[in-house]
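So the structure is just underneath, and the comments pick up after that.
The values are calculated or read from the model by the stated rules, or taken from the named source; none is laboratory data. For clarity, every value in this text was computed on a predicted model and none was experimentally measured. Cβ sites come from the backbone with ideal geometry, for glycine too, and all protein chains shown count toward neighbours.
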Amino acid sequence: MSESTRIDPDRPEEVVLAEAVPAPRRRTRWQTAWRELRRAPPTAWLGLAVIACYVILAVFAPVFAPYGQNELVGSQYEPWSEQFVFGTDQLGRDMLSRLIFGARNTIGIAFVTTIFAFLIGGSLGLLASILGGWVDQGLGRLVDVLMAIPQLIFALVLLSIVGPSLINLVLIIAVLDSTRVFRLSRAVSMNVVVMDFVEAARLQGEGLRWIMTREVLPNVLPPLVAEFGLRFCFVFLTISALSFLGLGIQPPTADWGSMVRENATLINYDDITPLLPAGAIALLTVGVNFVVDWFLHKASGLKE
């Protein structure tokens, strides 16, 4: 036995063995995430691949698009060809280019709107669960009134009154969709605010902001993250529906919902071009739902 591993008779054997065995290395967050991804089902991988493709197209739209989104490059409704892969629209703009730029506009606006909805609804939901009393009752009844009106109809009425500008579109949909976020964040937070560590933070004199961000929010993140994916799908579909009805993203900005409406007449001539933006909407929705389903399964703690 070498001198470095010789056992000291004056020291307990357990201490010597503990020092001799190296502590296991802790995984980093990236290693843990990659480990979970390798265990993900094929549907989750498919959803992630779809989302990654859409994000790349949205970010690098000017690189992938052969023409500008509003550039007139041919006559109206030209058929599919080598020059125009998906033909042209009613003004002679390249459909492929507008589909690519539509990914940037539609997805980007939907993502920003969803973030605003979560900032509003999530903050008010946490606030209602922590303060309780008249604050909880007042916010709850206001949310009940807003949720009693169909969201799409309410958005149509409000946009008809204030005008369908981009800022109005984002704010109206964010406020209306925040009601769903409020209900969820309040429900999951109610189970956390009664815990001992939250009461201990109150007794220590911690402020409302500390309790919300340091005590309650970290313990309700998994369901909120999953809800973010679902809310994004609903906001995405709502914006597309409003654009189809003429009160969403306004021309000449490329948007998948308005592209369906503008080229719908081609269906009468057995041309599937209007179905391309509709298919893009459906594919992204399915991909996000695949990822959300997998995340909900992981957050629930259920075994495979």
One residue from Gly125, Gly133, Gly138, Gly74 being modelled with pLDDT of 90 or more and farther than 25 Å from Phe232 by Cβ: Gly138
The range 244-261, residues that are crowded, with 20+ Cβ neighbours inside 10 Å, closer than 21 Å to Gly87 by Cβ and touching a residue at least 60 places away in the same chain (Cβ under 8 Å): Ala254, Asp255, Trp256, Gly257, Met259
Residues being over 15 Å from Gly229 (Cα atoms) and in contact with a Phe, Trp or Tyr (Cβ under 8 Å, 6 or more places away or on another chain) - total across the range 176-190: 1
With the requirement that a residue be part of a loop (DSSP other than H, G, I, E, B) and either touching a Ser or Thr at 6+ places or on another chain (Cβ under 7 Å) or of a type in the set (Gly, Ala, Ser) (or both), what does the range 74-104 give you? Gly74, Ser75, Gln76, Tyr77, Glu78, Ser81, Phe86, Gly87, Gly92
Across (1) assigned to a helix (DSSP H, G or I); (2) closer than 21 Å to Leu237 by Cα, Pro164 clears everything bar (1)
Mind counting the residues in the range 199-242 that are touching a residue at least 24 places away in the same chain (Cβ under 8 Å) and either aliphatic (A, V, I, L, M) or closer than 30 Å to Pro150 by Cα (or both)? 27
Can you work out which of the residues in the range 28-73 that are among the β-branched types (Val, Ile, Thr) and either in a helix (DSSP H, G or I) or under 13 Å from Phe101 (Cα atoms) (or both) is farthest from the chain's Cα centre (by Cα)? Val63
Would you pick out the residues in the range 101-149 that are under 20 Å from the mean Cα position of the chain (by Cα) and under 20 Å from Asn191 (Cα atoms)? Phe118, Gly121, Gly122, Ser123, Leu124, Gly125, Leu126
Please pick out the residue among Ala241, Ala299, Ala280 that is outside any loop (DSSP other than H, G, I, E, B), at pLDDT 85 or above and either surrounded by fewer than 19 Cβ atoms within 10 Å (Cβ to Cβ) or of a type in the set (Ser, Thr, Tyr) (or both). Ala241
Return the total of residues in the range 28-79 being in contact with a Gly (Cβ under 6 Å, 6 or more places away or on another chain) and closer than 26 Å to Thr273 by Cβ. 8
Filter the range 167-200 for residues that are surrounded by fewer than 16 Cβ atoms within 10 Å (Cβ to Cβ) and not in a helix (DSSP H, G or I) and give the result. Asn191, Val194, Met195
